[in-house]
Amino acid sequence: MAFSYIPTGVQQKFWCVQEAAGSFNTYTAVAAVNAVPLVELTITPKLDFIKSRERRGTASQTHEVSGAAGGTWSAKAYLAPEGGTLTAAPDIGDILEAAFGYTSSDGDRSYLVGSSGTEKTTPISLQFVKTAGPGIYERAMGCWVESVDIEISRDIPTISFSGGFATHTYASAAFNDGTISSSGTVVTVDAGHIDKFKADSFIQFNEAGTVTNNGGNGYRVSDVDKTANTFVITPGATEEITDNSIIEAFHSLAQTFTATNVPISGAGSGLTLNSKTAGFISFKCSIKTGIKGLEEANSTVPTHLILGDREVTGEASCFALSEDVDSDEGVMRFWGGAFDGDTMAIAARAGVNTTKLRAVVNIPKARIDVSPIEIPEAEEAVVNFSFTALRSAANGDEITLDFT
């Protein structure tokens, strides 16, 4: 008996859940309703090794000392409102709340970096789970959001996230060595294969094509003993598992998506500058959240999350229309105002201007940077309005993302 599993891109499934307050980097159960329809999720673990500088009469590198662990992650999703109910959160709502700090369902679904002048001083942490068939299960725990990028054009509008995490765990596939009794918790794998499993990952069993996976919930690997080639599962096996069955990475967790709309189309999007409609080619907004992991000498991984300076910047690319000052379409008056340090309110809408089909980036006060006019040899002149968002009337009011 043999098996051969190669994960493929089309098999990928993703889930994301918020960790409870005060439980940073603590295992948190993921359910079908935590599914997120991401375009991509990259989990990049790290383990530092520090070069020993001891002199031993040789040019050979003799020792390394293991150092800090953790890693980085990045994800990309389409902007898509929940659609069925105006105030309901989109499928990526947990990520958005962790990135911005606050969410509100007062009239629509909004994500804010401040609420009533209060900023989030205890950032929200996340856990991501990624599977790709029976060959790989990955979990990143103690995740935080460092940056957010929103892009609107005639293509499908997207939102991208990136950040760091504290703990990485995984499971792959192997054979079990010996029968596991019903309710048994200790699983022995073939010699040399225990490195395929790490605590807080999930597995299932495949006995000649019959899958046993705890009723679709999988078995949590709660402890790994590399010396004995064993790991412990929670709960115990729901039925007897025969010798030489395949232990697979758990990939059978259902996905339940709440959104009733497909992703927003970029065609029909809109931009206003100081409440005046402006024709635009593309819009991008970037948030550096200021959230970071606190690294202490008493731990190999980050232990807490803290909030530093936040920065909101962006750019709107527009044709250099110069029309009557009362016209909605002319943008050159705003280009000229940049030379005086003028500020303006910016609202960039993804999607047509229809309830439940749009998402709006609102920036009440932005300072426009001085910029050149780009005049190509034969095509239309373009001006790129790069900007920095500023506090307008209250702390944390420089940006909101509204599904409205």
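We did not get these values from a lab; they are worked out from the coordinates using the rules stated. It should be emphasised that the depicted structure is a prediction, and the values quoted were computed from it without experimental measurement. Cβ sites come from the backbone with ideal geometry, for glycine too, and all protein chains shown count toward neighbours.
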Unmet criterion (only one of (1) part of a loop (DSSP other than H, G, I, E, B); (2) within 17 Å of the chain's Cα centre (by Cα)) for I43: (1)
Restricting the range 170-189 to residues that are part of a loop (DSSP other than H, G, I, E, B) and out of contact with any Lys or Arg (no Cβ under 8 Å at 6 or more places or on another chain), the residue that is nearest to A29 (Cα to Cα): T185
Some residue of the range 74-97 being of a type in the set (A, V, I, L, M), over 13 Å from the mean Cα position of the chain (by Cα) and in a strand (DSSP E or B): no
Residues being of a type in the set (A, V, I, L, M), in a loop (DSSP other than H, G, I, E, B) and buried (at least 18 other Cβ atoms within 10 Å of the Cβ) - total across the range 272-318: 2
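Counting just the residues of the range 151-169 that are among the charged types (D, E, K, R) and not in a strand (DSSP E or B), which one comes out farthest from the chain's Cα centre (by Cα)?
The initial filter retains those residues of the range 151-169 that are among the charged types (D, E, K, R), namely 151, 154-155.
Still in the running and not in a strand (DSSP E or B): 154-155.
Working: R154: 23, D155: 21 Å.
Checked the range 151-169; the qualifying residue farthest from the chain's Cα centre (by Cα) is R154.
Have a look at S392, S371 and point out the one that is part of a loop (DSSP other than H, G, I, E, B), more than 29 Å from I156 (Cβ to Cβ) and not hydrophobic (A, V, I, L, M, F, W, C). Full working, then the answer.
Values: S371 fails: more than 29 Å from I156 (Cβ to Cβ).
None of the other options fit; the residue is S392.
Within the range 32-39, can one find any residue that is within 22 Å of S201 (Cβ to Cβ) and part of a strand (DSSP E or B)?
Taking the range 32-39 and keeping what is within 22 Å of S201 (Cβ to Cβ), we get 32-36, 38.
With part of a strand (DSSP E or B) added as a condition, the list becomes 35.
For the range 32-39, residues within 22 Å of S201 (Cβ to Cβ) and part of a strand (DSSP E or B): present.
Assess whether V361 counts as being out of contact with any Pro (no Cβ under 7 Å at 6 or more places or on another chain) and over 21 Å from P90 (Cβ atoms). Steps first, please.
Working: out of contact with any Pro (no Cβ under 7 Å at 6 or more places or on another chain): yes; over 21 Å from P90 (Cβ atoms): no.
The answer is no for V361.
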